[in-house]
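As structure tokens, the structure follows; a few thoughts come after it.
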Amino acid sequence: MQTLLDVILPVFLVIGFGYVAVWKGLFPISGIDGVMRFTQSFAIPCLLFKAIADIDLENSFDLRLLVSFYSGATICFFAGMVGARLLFKRDWEDCVAIGFCCLFSNSVLLGLPITERAYGPDALTGNFAIVALHSPFCYGLGITVMEITRNRGKSPLVMARGVARAMFRNALVIGILLGFAVNITNLPIPGVVDDALSLVISAALPAALFALGGVLIQYKPEGDLRAIAMVCGIVLLLHPALVWGLGTSLSVPPDAFRSGVLTAAMAPGFNAYIFADMYGRARRVAASSVLLATLASILSVWVWLMLLETV
């Protein structure tokens, strides 16, 4: 119970604050859109840029952690696709969008603050290693499969252009790539720039959590409940269970193991809806899955945290 009070509830109270503020008309929807744009396009890319620029690349990117996390994510992506096709008879484009909901866990807005509150700032190394590859990997896989599905019969060059165009317009991907460039070249960040980045970064997670609450109120869980339940089960139960099993078999170190399992246990990120909206496919399933899985994760993450006490 103490874990629920100390670690999980403060994060979800900020989300709830945003939800209630919009619900009661204390904060306008247009303002939430602006806050979300600020966090997704500026503050969080700055956070990821700084984290990757400062991280020890040689010692931080544990291949065993990345293999266990992304193998699990890939299995969940195809499980969601196949489940949507076989169980609910959705067309293949919808199946890809639903699979993406099962792939893209909320590694930044939920994974970082919950891991930090549970284990402290020094425990985030594994999280940042996962986050560094998260958007490139997930968007790369999702866009590639969607473009192949949509452009069956077209040349590989057309599909490659579609993938590259969507990838390199993503602010999170750009922030990560710039961070790697600074890290690899040992390019110093001027003190005044570093201070400015720190100011922006300090607002990133609380503002993003508040905006997430405001966004969630716009989507009502209606219809497609069986598909939504499947997504919630895959994201909140199957993915962390896979990472636990793979991480154990690969002997992932305890700190990295906890980061991997906790990140895998997060609800679908808002990018799941962005992906569905980008292609105009399964938007209701994506929006409702983000809402209901975020609510359900209050309890499921608590269970995973208790299980991780034995590690």
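The values are calculated or read from the model by the stated rules, or taken from the named source; none is laboratory data. Bear in mind that the values here come from a model prediction, so they are computed numbers and not experimental data. Glycine also receives a Cβ, built like all others from the backbone with ideal geometry; neighbour counts cover every protein chain displayed. These area figures cover heavy atoms from the full protein model, side chains too; ligands, DNA and RNA do not enter into them. Shrake-Rupley method; radii C 1.70, N 1.55, O 1.52, S 1.80 Å.
How do 291-303, 253-265 rank on mean C-beta neighbours within 10 Å, highest first?
253-265, 291-303
For A241 and D91, calculate 0.36 nm times their separation in residues minus their Cα-Cα distance, and state this gained length in nm to one decimal. Please list the in-between numbers first.
Details: separation 150, 0.36 × 150 = 54.00 nm, distance 2.84 nm.
Length difference between fully extended and current span is 51.2 nm.
Would you mind telling me which residue in L133, L103, L47 has the biggest mean-square fluctuation in a Gaussian network model of the chain, where springs connect alpha carbons within a distance under 10 angstrom?
Looking only at L133, L103, L47, the largest GNM fluctuation is found for L133.
Taking the Cα centre as origin and putting +1 on Lys and Arg beta-carbons and -1 on Asp and Glu beta-carbons, what dipole magnitude results for segment 1-119, to the nearest 20 debye?
On the way: 8 positive and 10 negative charges, 82 e Å.
Its charge dipole is roughly 400 debye.
Please list, in chain and number order, the residues 5+ apart from S105 or on another chain whose amide H is under 5 Å from its amide H, with Hs placed from the backbone.
Amide H neighbours of S105, under 5 Å, 5+ apart: G269.
Shape of segment 190-311 from its Cα gyration tensor (a ≥ b ≥ c, root eigenvalues): rounded if a/c is under 1.5, otherwise prolate when a/b > b/c, or oblate? Could you put the intermediate results ahead of the total?
Numbers: a/c = 2.04, a/b = 1.04, b/c = 1.97.
Taking the square roots of the gyration eigenvalues as a ≥ b ≥ c, segment 190-311 is oblate.
How would you order 191-198, 273-280 from highest to lowest mean count of nearby Cβ atoms within 10 Å? Don't skip to the end; give the middle numbers.
Numbers: 191-198: 11.2, 273-280: 19.4.
Highest mean packing first, the order is 273-280, 191-198.
In whole Hz and in residue order, list the ³J(HN,Hα) couplings for segment 186-194 that follow from phi through the Karplus curve 6.51 cos²θ - 1.76 cosθ + 1.60, θ = phi - 60°; x for Gly and Pro.
Ordered by residue, 3J(HN,Hα) equals 6, 6, x, 8, x, x, 5, 5, 4 Hz.
Can you tell me the dipole magnitude for the chain around its Cα centre, using point charges on the Cβ only (Lys, Arg +1; Asp, Glu -1), in Debye to the nearest 20?
On the way: 20 positive and 19 negative charges, 263 e Å.
With Lys and Arg at +1 and Asp and Glu at -1, about 1260 debye.
Which order do peptides 20-31, 168-179 fall in by mean Cβ count within 10 Å, highest first?
Working: 20-31: 13.0, 168-179: 17.9.
Put in order of decreasing packing, that is 168-179, 20-31.
So for the pair R117, L307, with labels modelled 7 Å out along Cα→Cβ, what separation do we get in nm?
With each label point 7 Å from Cα toward Cβ, the separation is 2.1 nm.
If you count only protein heavy atoms and use a 1.4 Å probe, how large is the accessible surface of T185, to the nearest 10 Å²?
90 Å²
Give the cysteines in the chain for which no other Cys Cβ lies under 4.7 Å away, or write none if there are none.
C46, C95, C101, C138, C232 - these cysteines have no disulfide-compatible partner (Cβ-Cβ under 4.7 Å) in the chain.
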